[in-house]
1. Using the basic label-point model (7 angstrom from Cα toward the beta carbon), what is the residue 127 to residue 208 distance in nanometres?
2. For segment 186-250 and segment 4-56, what is the centre-to-centre distance using only Cα atoms, to the nearest Å?
3. Calculate, for residue 102 and residue 47, the FRET efficiency according to 1/(1 + (r/R0)^6) with r their C-beta to C-beta distance and R0 41 Å; round to the nearest 0.05.
4. Please identify, among 33, 15, 334, the residue showing maximal mean-square fluctuation in a Gaussian network model of the chain using a 10 angstrom Cα cutoff.
5. Provide the packing ranking of 271-283, 91-103, 342-354, i.e. peptides ordered by the mean count of other C-beta atoms within 10 Å per residue, highest first.
6. Efficiency by 1/(1 + (r/R0)^6): what FRET value for residue 283 and residue 31, r their Cβ-Cβ distance, R0 = 30 Å, to the nearest 0.05?
7. Among 181, 164, 77, which one moves the most in a GNM of the chain with springs linking Cα atoms closer than 10 Å?
8. Name the residue, out of 117, 292, 51, whose mean-square fluctuation peaks in a Gaussian network model built on the chain with Cα pairs under 10 Å.
Ligand SMILES: [Mn+2]
């Protein structure tokens, strides 16, 4: 028998799974217990025959997962948006899809993500983060969008600006990808320095107009015209296939943005590509990076519920890793766009969309980016984006 090198056995105590279990022991339970007590008070104690003292008569909290009014993870619905400054994080829906150039339906994306988010607890095992214990989250509801692209963009920028200027972290649920532009426009005037953009997509989305309007093929042309959002800090990851229009490619070339194709991802792997993306996005006078996640960057076998499905994209596990690596360095906001539930199967597309957002949130908390130690509030008004 030939000599075989001794295999190093894996140490069960050093496995990430075990270490994550250890971390759970260090988490507080205070906010969770307070919430349960409040839910019992508001929902009345359960029937005498029920022995679990935490079960109320009316469902008011996380359980059962099939019950309840669906805000994101059943967090507080912030009806009075003037109170936004009291929260660390706000989920906001942007039910808007008239920028689509093929199948419409992403206006129902926010509702689909909210509904399926009820599957989740606030605790994320791998990172050992319990959101309820660490950050004050609200669901601020939806922007009042209308059947006009430019007027809706104004509404969106105003809403995003309001959240960001009050020191609250925006988690933006689209809606089609034309929203990338008004979303960044709402934040940029409140950033003291430049803003970089990391855009994860199969599509390049950099042409000036499509069919005479600023459609979902156009957001980054306009976003990188914003004075403090230079094109050199735009990084696009996952681009490729048969829907990368030549006018957009020409713009990307002329403006010198960074394009990392799916072939590049194949060649170099997620870690290397993330490192490269972060370097380009943060280079120069950049003070904040905006994260744009298009669900169609994932192979269409996993995300049927989208307006422009693309074969050959990321695997879910790959993209979740990429998002976490980007979030580790800190971001100023995130958008998840192009979830169109009418074409979805068993909610899997909406589920991946909200999962991506929550993984990013947990990473930001784990890395100490949230809650912000010092609240960044801006004196520039809600309409500071006008004219940019
Ligand atoms: Mn796309």
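1. 4.1 nm
2. 42 Å
3. In this case the efficiency is close to 0.20.
4. 15
5. 91-103, 342-354, 271-283
6. Efficiency at R0 = 30 Å is approximately 0.20.
7. Highest fluctuation of the listed residues: 77.
8. 51
Readers should treat all values here as calculations from the given coordinates under stated rules, not as data from a laboratory. Just so it is clear, the structure is predicted and the values come from calculations on it, not from any experiment. Cβ coordinates were reconstructed from backbone atoms using ideal geometry, including for glycine residues, and neighbour counts include every protein chain displayed.
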